[in-house]
Each structure stands twice: as structure tokens, then as C-alpha cells.
Amino acid sequence: MAIKTVNSRILLEMLDMGAKNLAADCEYVNSINVFPIPDGDTGTNMKSTISGGVREGKNLINEPIGVFSLKFSRASVLSARGNSGVILSQFFKGLSMGLDGKDEVDIKGFAEAMKSGTAKAYSVVSNPTEGTMLTVMREAGEKACSLLKDGDDLEKYLNDYVEEAKASLSRTPELLPTLKKAGVVDSGGAGFLRIAEGMLKYLRGEEIGDVFEEIAATQTPVSVGAFDADSELTFGYCTEFILQLQNKKVNTKTFELKTITDFLDSVGGNSVVAFKDDDIIKVHVHTFDPGKVLSEFRKYGEYLTIKIENMNLQHSENEEFFKDMTLDPLKPQEVKERKPYATVVVAAGEGVKDAFLSMGVDEVVSGGQTMNTSTGDFLETFDKLNADNIIVYPNNSNIKMAAGVAAESYKKANVIVMPTRSISEGYSAVTMLDTVNENRDEMIASQKEVIDNVGTLEVTYSIRKTNVNGIDIDEGDFICIYNGDLVSADKSRYNAIIKALDKIEDFGDKQVVTAFLGKDADGEEFERISEEMKKRNPFIEVGEIDGKQDVYSYIIGIE
Amino acid sequence: MNERKFKIFTDSTSNMVKEDREKYGVDYLHMLFIVDGEEHLADLDWGEISAHDYYELMRKGKRITTSLIKTDECEQKFTEAYEAGYDVLYIACSSKLSASVKTAQLVADELKAKYPDRKAVCIDSLASNYAESLMTMTAAKLADEGCSVEEVGAKIEAEKLKYCDYGTVETLEYLKRAGRIKASKAFFGNLFGVKPIILGDAIGNNYAYKKVKGRKASLDELVNVAVEKAENKENSTLYIDHADSLADAEYVKAEVEKRAKFANIQLGYIGPIVGAAIGPGAVIISFYGEEVTIVGEE
């Protein structure tokens, strides 16, 4: 295809293939995360980001490319998860800035727009690190642009782009020592290359082996003829509903989703997807007896919507059903009295969430190391609140950017993103928040002071053999991370923690320890750790919270 | 020194030690504390039970409640003063914390019929602890200069918000249970490790106006308050009272001495009445200084 001008349709087709190509290799991209903790979500985050744009873009192929790309980027911003997702969404934003006002664009214009994407992506990272996705997009964009000659077509340009992206990606370990030690290339860069390769594949008319339905958002129309008077029901009914929990029936706050899923299991439900958002439960299940399921759950609440489809007729799942609670008009919006301040925290783990709620925070958004919160999640949460100021505690550096982008684009309240990088920092800040006796500036200043004073010790295990900060780690070793730095590793969790305590230089000056005990924590073990802490600092007060979080046996705030 | 024209009383929440009462020639009206249904006089000299044992009881979980001044003692002491030809000045615990000042006023009104020429001025100090004592001492000095009870009452009234109490506690639970604290929603939830800084506010409530993290930080904040808000330090005394936490009181004293020069720093126990409401481990500083303007949110 000798394409000399790019319009909305071509751009969408390319990005669609880019998304599919990334999706096909998503697990690989996830797997090359460098830090030895079960994080691995870069591919998933980037996939979510670009897919959001593609879904939106499908309705816009007749728009001028300037309009198309702007709306594409906006949708990708809303779907952006994690740092890698935010950076990618900002690349699309920059691309759209380069295409602004145009109906279609020539190859040179397109190449310039790609560079504008890079510039925008750089601009949102406060300390851009080379050896990441940023480097890959910058070097590929610059090289391909410099090789561009009059008369070149899009395929030639993208071919140059992809070649340089590959070369650049292979150089990332030279730029980032952590990559080199782990023997991997940058995962964000790898994800970005997958997208560029997918775009090129479209131009070459190549196929991608494994096409993901999730991205192919179109649904096959139902053919009623597939089920007649003699047919047998072999697949059951695809049953989806939204259950509004009712206070007069259950405690809607503490009601456990497990009650629902256990019942579905007991009646042989398949493909169960269920989640709880505040007092609403969304369920997707394949069952031969939807009636039984529906009457059972009226014990806990009433249905807002119910959809039941014969699976013999309809095989394509409505994936979108679970994508987004926000756009769900059925969700009743509680009208709350406007208040000067509302708080939003990001947390994972039932007990951790409860700890925040019991401190009076208004909304807890699910998220954390292994599941990054998207900008859209934040915007949706902000809409539930009615406040002049919304204070957000992202509690993870991977989520800070998504929160920042949400804060910037939200107009109905003034959003303040506190720089909390851990659950401990967030919890401490929330316990010290005082919006009554301090004015806004004082409050922000004192919150930052509190956050700066918190050290976070995270205890988990390594998913691979590696060496970090000169410490040899075997797969399965317990590791301690203090303020983001790996400080100890040991076969024994207790020993790893004691070694870590000895590395915290200012432990003697600290006063308060607040520990979130994870699902696999051991109360007796923590008693012993607590004794060791008091030996090292007799003034220290040690408190425990049953956080029930996954992955981290302990998250310990030391301040 | 002129002869005094009136007798001066304070009450059990003043924490005023015997040496000070004798030096300034003042007396106090006893409130009551109640343990296991039994009433005891709130003795600032700890005759019946030592301060340490008293706070140990609380640490062990013994519930101690309190009661306002005894009407009979108040009537008796006012009558004795009147019989001897004196008027009466009573500097009372904040009316937001105790009904003592109202009760004393009722007693005084009652006695009016029998002693039409005598006067009792009952002042709502809007304070307690040594801020209340400091007002009482000022009143004594003015009395010695020959001022009438009305003159002294007016002077004290005019500047009572400059007599300050600031404190910190191990836990807000005692104050909350005793209903003796206004704490905004900033003090909601599990406050593990979070220490409140409390002051006697401009309308007489105890108000938790600031949070700090950790015990030491709370003591350091009291040091800051003493250094920044006390006036005329070189001629006045800083009072540091504690609920059986002498080491913490001594820490505050030592830190203040590093940064400011007070004529004197006096350590003592928080008396049984304030102690029952505030709980073991509390530290309160009292001084004359910057006028309190904060009014706590209800």
C-alpha cells in the first residue's frame, strides 16, 4: 500500500492493529518487569489505554484526523492505567496536538505529529528516565523523521520507525542498570514497539495470529434460528445483573462478595465475574437456572438491571458490561451535601480499605501495585463526591500520574493530589489530616511534612532470581523494600525483616510504627518483630492493622 | 502592703499547690471525686491517696467520676468570711467544664438576705489548671495593693483570656468519656500514634486544635507553645503539671530551658478533678501570655 496521506480511517486501522499486536504479546510485556515483585502489569496497562482509544475511534472514522485523534487521545486518557498507560495516553495526546485542525495529513506531517507525541509524553514525567518507553519513542521518531525523503510513503516511514524502535529497545539495558542486572529490556518500551509493529503490519497487510475479542468490540448479531422447538440447551444462560444491596437486608458496607460467588459456585455457575462497588454488586455468570440465582440474591437486595440470554444463540460475551461502572446510567447517584473537603484514597485489601474508611475517607478506589487505577476510575469517583476540594492519596508511584491527569482535567472541584507512594504514607497522612484547624495551604504543607517523615517497609517475596543493590536474591526469597529500595532478602521472612530494620538508619529517631498485616502475615511473628523494634528504640509505639492485603505480608509505616 | 478587704478562693481544678496557696493567702473549694460509688474530697495535697496511686487506679481501668464544689462547704466558707467582715472573690473553673461557678453564685445570692452589706464576686475563669491559679495569684497581688473586690474582679475579667492552658494526652478517650473535650472531626477514627494538642479555648472549652504524630512530638509542641506564646518570661513562672508522667514534664522543662529564660519553671501534679477527666500521662503547661482567640468547633 503506497499511502502518501494519512486520514482518520487509516490511523484507526493502524492503531487497532497496534492494539491487537500488543494484546497478542501482552503476557510477555508483563513478564519483563524488572523489579522482583509480582507487579507485571505494564502490558495490561498499555493495552487498556490504547484499547480505550480504539473503541472510541471506531465511531469517528469519518471525522477529520484532527478531531479523530483528539477524541481518540481523550478516550485513551480515560482508560489509562499505570505510569506506562499514562505516558502512552499522553503520546496520543501529543500526536493529536500535531494533527490539530487537519482533515488529513501527509507523511511529513504525520512524522512531525509523532514527534509531538513524544514531546508531550516527556512533558508529563517530572524526571524523565532514559532507557524507557520515552527513549524508544524519541529515538524512533527522530531517526525515522531524519530518514524521510520526498515521495516516501507511510510504510517506508513506519518501517524506519520500527527498525529504530527495535534498536533503541535493545539499548535500554545499557541506559538503565536495573534492566541490565535483570537481563531484560524495558517493558514499556517493548509494549510501545509492539504497537508500532502492529501499525506496520496493517500497512503490509499482515495478520496477527491471536486476535483478542476484547478489542474486536463488534458483536455478532443473534440468529434466532439457532434454537428451535427441538433444540437442546447446551450452554445455559448468560446471566448478568446489577444488585443493589439493601440496608434493611444486609450490612451493605461489610457484605462480602464471597457470599455471592460461593453461591454461584454451589449451583454450578460458570465464567463467574463479579465485583462489588460500594453497595452495588455486578455479576456475570453462565447458569442453567437463572431463576434460582435471582431469587437467592433477593435475600441481600433488589435488582437494578437483569439481562438473561440463551447462550446457544449468543456466544459473544458482552465484555463491555464489565468495563465501566461510570457510564452506567442505572447507578443511583446519592445526593450528598456539598462540603469543603472530600478525600479519595487508592487501596487494595479489605482490611486496608476498612482502615481508611474508618478514618472517615469518602471514597476508596481499588488499586495498587498489581492493579493500577486509571484516570477514568478517578474521574468516576470524583463524580460521586460533592465537595469544593478533593484530596487524593494515590498511595503508589505508579498511580500518581493517573491521579495527576485526572486532577488536571477535572473541573467540578479543585483536586489536590498528595504525593503518597505507599499505603503507609497515605494512612499516616489521612490520620493527620486536619481541614478544620488548618487553612488549605497550611493543610497541604503539613500533610507533605507528615508524608516526608514516613518510611515504608514492604515485605514480600521475589518472583525471580536476581541481584539488586548488590543483594543476591533467589526465587521465592522474602525481600524487604524500604522506601522503594530493596534492603534485604532472606529465606526466612523474620530474618529478612530484622536485617531490614538494621538498615534503617534513623530508626532510633522514629516514634510510631503502624503495620498492615497481609493475608499471609503471622501475628506471632509480628509480636517478635515488634519486640525487636522496641529493643532498637524504646520510645517506639507499635500498632497493628489487619490489612488482609495480597502480595505484601507486611506494609509497615515507620515515622 | 495594705490589708485585704476580701477573701480569695479558687477550687480543686486549679491544681494550686499548698506552698502557693499559703504564699498568696488563698483557699480553695473542694470538688469531689467518686470511686466505686464513694465520694472523696478532691484534695490538692493528696492526703488520702497519693497522686501516683490515684493515676495507677486509672491505668488499671478504674473509672473515676467527679462532682462540682460542695454547696455546704461553699456556704460555710463564704459565711465565715462575711462574719469576719470580708467580701469574697471566687475564681472558678470554666463554666463549660463545671457548674461550680453557678452554684457559688446561687449560694452568694442566698446569703444576701442575711449579709446585705457583703459582696461575693464569682468569676468564670474560662480556664482550669494553673491558668486558674495564675488568675487567683494575680487577684491576691491586687488585693494586697488595697483594691476592692469589684476592682479586682473587673481587672481579672478584662484579661482572663491571657491566662493560658495547653496540654497533650496519651489518648483522647478519657476526655471524650468525661465529655470534657471539643474535638473536631479531624479527631475522628483510630488515632493510633496521633497526639492531640489541646487548649482552653476562648469560650472555656477544652479544644483539641492540632494533631502531631508521636508522644515526643506532642511534648515538643508544648515547648514551642511555651517559648512562642508566654509573655514577660523573665519575670514569670511556667507551670508544667502532669498526670503521673514526671519524666515527660521534666523533658518539657529541659527543652524550654534550652530556648527561653523563665524566672521559674514549676512542676507539679495535675489534681484529682482534672486528672479524672484527662487521664494518666497528660501534661499541661500554664502561663500568662498571648490572648487565646481560638474557639473550638462544636
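Just so you know, all these numbers are worked out from the coordinates, no wet-lab data involved. Computed from a predicted structure; not experimentally measured. In this analysis, Cβ positions are derived from the backbone assuming ideal geometry, glycine residues included, and neighbour counts consider all displayed protein chains.
Output the peptides A:168-178, A:19-29 sorted from most to least packed, where packing is the average of other Cβ atoms within 10 Å over each peptide's residues.
In decreasing order of mean packing, A:168-178, A:19-29 become A:19-29, A:168-178.
In percent, rounded to a whole number, the relative contact order of chain B is 23, using alpha-carbon pairs under 8 Å and six or more apart.
Ranked by the mean number of other Cβ atoms within 10 Å per residue, highest first, peptides B:182-191, A:414-423, A:354-363, A:519-528 order as A:414-423, A:354-363, B:182-191, A:519-528. Placing pseudo-labels 7 Å out from each Cα toward the beta carbon at residue B:144 and residue B:2 gives an inter-label distance of 1.5 nm. Farthest towards the positive end of the charge dipole of the range A:339-451, among the residues A:417, A:437, A:358, is the Cα of A:417, using unit charges on the Cβ of Lys, Arg, Asp and Glu. Taking each DSSP H run with n ≥ 4 as -39500 (n - 2.57) and averaging over every residue of chain A yields -14000 deg cm²/dmol at 222 nm. Other protein chain C-beta atoms within 10 Å of residue C-beta, averaged over A:434-443: 4.
Peptide B:208-215: average number of partner chain Cβ atoms within 10 Å per residue?
Details: counts 3, 4, 4, 8, 4, 13, 8, 4.
What the average comes to for B:208-215 is 6.
Can you check how the C-alpha radius of gyration of the range B:43-148 compares to 2.2 N^0.38 Å, as a plain ratio? Mind dumping the intermediate values first?
Values: Rg = 16.3 Å, N = 106, 2.2 N^0.38 = 12.9 Å.
Taking N as the residue count of the range B:43-148, the ratio is 1.26.
Calculated FRET efficiency, residue B:34 to residue B:102, Cβ-Cβ distance, R0 = 25 Å: about 0.80 to the nearest 0.05. Basic side chains Lys and Arg get +1 at the Cβ, acidic Asp and Glu get -1 at the Cβ, and with that the dipole of the range A:235-311 about its Cα centre reaches some 240 debye. Take the Cβ atoms of residue B:247 and residue B:76, set R0 to 41 Å, and the FRET efficiency comes out at 0.50. Centre-to-centre, using Cα atoms only, the range A:170-198 and the range B:142-178 are separated by 70 Å. Protection proxy ranking, highest mean first, for peptides B:80-92, B:269-281: B:269-281, B:80-92, where packing is the per-residue count of other beta-carbon atoms within 10 Å, averaged.
Quick check: from the Cα gyration tensor, does chain B come out rounded (a/c under 1.5), prolate or oblate? It is prolate, given that a/c is not under 1.5 and a/b is the larger ratio. Per the Debye formula on identical point scatterers at the alpha carbon atoms of the protein assembly as shown, with no solvent, log10 I(q)/I(0) at q = 0.05, 0.06, 0.07, 0.08 Å⁻¹ is -0.41, -0.56, -0.71, -0.84. For the pair residue A:106 and residue A:181, the difference between a 0.36 nm per residue extended length and the Cα-Cα distance amounts to 22.7 nm. Rounded to the nearest 20, the size of the Cβ-charge dipole of the protein assembly as shown about its Cα centre is 940 debye, with Lys and Arg at +1 and Asp and Glu at -1. Compute the whole-percent fraction of alpha carbon pairs in the range A:339-451 spaced more than 26 Å apart. Every Cα pair in the range A:339-451 considered, those over 26 Å come to 7 percent. Summarising the label geometry, the points placed 7 Å from Cα in the beta-carbon direction at residue A:123 and residue A:258 lie 4.9 nm from one another. If you take the Cα centroid of the range A:450-524 and the Cα centroid of the range B:45-103, the two points sit 54 Å apart.
Please compute the average number of Cβ atoms from other chains found within 10 Å of each residue's Cβ in peptide A:509-517.
Details: counts 1, 3, 9, 9, 2, 4, 0, 0, 0.
Mean shielding by partner chains, rounded to a whole number: 3.
State to the nearest 20 debye the size of the charge dipole of chain B about its Cα centre, where the only charges are +1 on K and R beta carbons and -1 on D and E beta carbons. Walk me through the intermediate numbers first.
Numbers: 39 positive and 50 negative charges, 217 e Å.
Charge dipole of chain B: 1040 debye, to the nearest 20.
Each principal axis of the Cα cloud of the range A:5-204 was taken in turn, and the coordinate range along them, longest first, works out to 47, 34, 33 Å. So how far, in whole Å, is the C-alpha centre of the range A:539-559 from the one of the range B:261-275? Here the answer is 38 Å between Cα centres. Once whole DSSP H runs in chain B are found, which of them have Cα atoms spread over 15 Å or more along the helix axis and a mean Kyte-Doolittle score of at least -1.0? TM-like helix candidates: B:100-111, B:129-144, B:149-159, B:215-229, B:246-259.
Taking 18 Å as the straight-line reach from the Cα of residue A:519, the aspartates and glutamates in range (excluding those fewer than 8 positions away in the same chain) are A:39, A:256, A:350, A:354, A:458, A:477, A:527, A:544, A:546, A:550.
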